[in-house]
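To start, the structure itself, in structure tokens.
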Amino acid sequence: ATIDGGDRSVELGQDVILDGSPSTDPDNSPYPFLYEWGCRVGVQSAIDASDTAECFENQLSIFSVNRPVLRLAGGKLNAGYYTFFLTVKKEPGIPGIPGPREDSTYVVIRVTKGSPAPAKVTVFPEKRKVNTADKIVLFAETDPADTAPSYFWSLTAGDLDLDDPSAVLTSRTSAQLGLAVGVLTPGSTYRFSVTVLSDLYISAGFTGVEVLVNSPPSSGGLSVVPAIGLAGNTTFRLTSFNWADDAEDLPLSYQ
């Protein structure tokens, strides 16, 4: 599941558009997507549609419609933080097909009184999933006309302590957030956000980025035939079998 645009700030009274149409099915099954939207007041890292708080009037009537794009007219939201979450499903109730298959994601929207400073985060290396051996750096940007903006980094999902100097190599108030090699957990998802203060804008800017950490191949084994032999005399055959990984990480390589 994907919501285009990610975490961001919008000015009070501005329309909010949340686009879930970039969500994809890695199996490309012919069945249609079902979209379930929800909202909570504040910054929430858990995704649970059964625990949805009222973010605005008539919320349920808007969320009850199956739609990939959620449009909220200006004035629906008061100033503050809101977490919008999306669950995308396929194949519910179809005989012979296990399911429904589903995936969920969320974005944090900060509604401000006054024009917020522009904010953008990029991740190096630029790829959908990083490896634990990668040197990972997050870069925050704002209006280049501001020569002295202020930054503050936060973590809304993941098991990383941004105040641990052995894990985070730069200050939380730096434009760059550098992570030590090997501190991210394989198979985990981390969400970083940054707040930007600029003298050129009335309100602080806010944005975030999701970092997916690759998992190693699993479920495989290694066989050796014969099991016993003589050094320098017996020829052994080693066979690797049944290793599995995400489709996007195939083919596997062996060393």
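Each value in this text was obtained by applying a stated rule to the coordinates, not by laboratory testing. Since this is a predicted model, take the numbers as computed values, not measurements. Don't worry about glycine lacking a Cβ; one is built from the backbone with ideal geometry, like all the others, and counts go over all protein chains shown.
Only helical DSSP H runs with n ≥ 4 go in: add -39500 (n - 2.57) per run for the chain, normalise by residue count and round the 222 nm mean residue ellipticity to 500 deg cm²/dmol. Intermediate results must be reported in sequence, preceding the final value.
On the way: 1 runs with 5 residues, N = 255.
Computed mean residue ellipticity for the chain: -500 deg cm²/dmol.
Suppose a student asked you for the relative contact order of the chain, using Cα pairs under 8 Å spaced at least 6 residues apart; what percent would you report? Spell out each step's value before the answer.
Details: 556 pairs, mean separation 45.9, N = 255.
Relative contact order, the chain: 18 percent.
Arranged from highest to lowest average of other beta-carbon atoms within 10 Å per residue, in what order do the peptides 55-67, 176-188, 200-212 appear?
Highest mean packing first, the order is 200-212, 176-188, 55-67.
Please identify, among Pro100, Pro226, Pro68, the residue showing maximal mean-square fluctuation in a Gaussian network model of the chain using a 10 angstrom Cα cutoff.
Taking springs between Cα atoms under 10 Å, the residue moving most is Pro226.
Looking at (i) 1, 6, 13, 16, 16, 14, 11, 8, 6, 4, 2, 1, 0, 0; (ii) 1, 6, 13, 17, 20, 19, 14, 7, 3, 1, 0; (iii) 1, 5, 10, 13, 14, 14, 12, 10, 6, 4, 3, 2, 2, 1, 1, 0, 0, which value of P(r) over Cα pairs in 5 Å bins from 0, in percent comes from a calculation on the structure shown?
(iii)
Cα gyration tensor of the range 76-168, axes a ≥ b ≥ c as square roots of the eigenvalues: rounded (a/c below 1.5), prolate (a/b > b/c) or oblate?
Oblate is the answer for the range 76-168, as a/c is 1.5 or above yet b/c matches or exceeds a/b.
How would you order 16-27, 151-162 from highest to lowest mean count of nearby Cβ atoms within 10 Å?
151-162, 16-27
Looking at the chain as a GNM with Cα springs under 10 Å, which of Ala231, Ala119, Ala79 has the largest mean-square fluctuation?
Looking only at Ala231, Ala119, Ala79, the largest GNM fluctuation is found for Ala231.
At R0 = 35 Å, how high is the FRET efficiency between Ala148 and Asn66 if r is their beta carbon distance? Nearest 0.05 is fine.
Efficiency, from the Cβ-Cβ distance: 0.15.
Identify which of Arg40, Arg237, Arg101 has the largest mean-square fluctuation in a Gaussian network model of the chain, with springs joining Cα atoms closer than 10 Å.
The residue with the greatest mean-square fluctuation here is Arg237.
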